[in-house]
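The structure under discussion appears below in the form of structure tokens.
Where a number appears in this text, it was derived from the coordinates with a stated rule and is not lab data. No experiment lies behind these values; they were computed from the predicted model shown. All Cβ positions, even for glycine, are placed from backbone atoms using ideal geometry, and neighbour counts span all protein chains on display.
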Amino acid sequence: MAARFSHLFHLFGALVLYTLTYRVLPGEQTWRRMTAFVAACLFVISPAGLFLSAPYSETMCAFFNFTGMLFASIMQPRTSSRPNTVLQSGSIVFAGIFFGLATLARSNGVLSVLVFLQPGLVLCNELLSGPQKFTALVKLFATGVGALITLLGAALPQYIAYQSYCTGDSTRPWCQRLVPSIYSWVQEEYWNVGLFKYWTLSNIPLFLLAAPMLVITIYTASVCLLSRPILLDQSVSKTATTVEVASRSIRMPEPLRWFALPQLVLAVLTLTNFHVQIINRISTAYPVWYILIAVALTSHSYGNGKHSTAVTPLFGSKRTRQWVVRSMMMYAMIQGGLFASFMPPA
């Protein structure tokens, strides 16, 4: 039964990712539809592999996280028409609800609270100096509510654990900590998780297993956060003018910048604090890398040369883009053999 739920959430997650990609990307409708389809297909062949079919929580977390980001994207209207304050405020709260559910499914879902950071800062600036202070105040309040609901998804299990283990005559050692977290205690005590604790010579093979996804997640998140245009047309020469390049490029959508920060923080934390190989599993709930790989695959990205203007050629050559997808499929198969033999990358 649990495996059936995993399959259902996997299907629903692919559908939501399709909708999210189609909504946030600018450009021609047919291209957006094709790119959204490719992003959904990439989610199907995610390096998480068997974990998306087995009774694990990866697909549930991904579905809730994607849905939360879809609601969050409504904060940024697609047209220049006057925004609907009630709709946007409501969408922010619903985003927090789904981020909270994602956090209940997997604790790393709490990183999605960072989605509210950048729009929250913008709203604070509008509240202080903008002409529509009441509208900014309403949206800022909704943003705070959404963030609190997300954090509630992390606090609720901790509260239940504290009531179970820390209120009787015999308490556990973690109950006396300044922030009594059963998650961090279990991970430290039984899994040896902590800052650079996993950085040993014997774990080098696991770092090699994690390296492709670490590179992809950090690179794609950095591209979004730098907010540089993405060059789509390979026919653009190195000597093209800025106007020519701009006409064949797309601007980085604002929501992708919001979504990139949780992905970047996740990758850095996994590299420094967690069992590094789990990046292949837990990265599946973060849409930015799927979307940017899909953009690279469905557009004529600039070749191996470097352009003089501030334009990002995604994943360089065609061969690089092909190997990104091949590595995902190869790892999913290799992972199945390793996991069936009771070996990492669990």
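Below, the figures for the structure above:
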{"quantity": "Shape of the stretch 1-66, Cα gyration tensor, a/c cut at 1.5", "calculated": "prolate"}
{"quantity": "The stretch 1-137 shape via C-alpha gyration tensor axes, a/c threshold 1.5", "calculated": "oblate"}
{"quantity": "Which of 8, 292 has the fewest Cβ neighbours within 10 Å, and the rest in rising order", "calculated": "8, 292"}
{"quantity": "Fully extended contour minus Cα-Cα distance, from residue 322 to residue 33, at 0.36 nm per residue", "calculated": "102.0 nm"}
{"quantity": "Charge dipole (debye, nearest 20) of the stretch 1-129; +1 at Cβ of Lys and Arg, -1 at Cβ of Asp and Glu", "calculated": "200 debye"}
{"quantity": "Residues 201, 127 arranged by fewest to most Cβ contacts within 10 Å", "calculated": "201, 127"}
{"quantity": "Integer Hz, Karplus 6.51/-1.76/1.60 couplings in order for the stretch 127-136, x for Gly and Pro", "calculated": "5, 7, 10, x, x, 9, 5, 5, 4, 5"}
{"quantity": "Fewest-first ranking of 166, 224, using other Cβ atoms within 10 Å as the exposure measure", "calculated": "166, 224"}
{"quantity": "Cα pair distances of the stretch 57-191 binned at 10 Å [whole percent]", "calculated": "13, 34, 26, 17, 8, 2, 0"}
{"quantity": "Ordering of 176-188, 92-104, 33-45, 130-142 by burial proxy (mean other Cβ atoms within 10 Å per residue, highest first)", "calculated": "92-104, 33-45, 130-142, 176-188"}
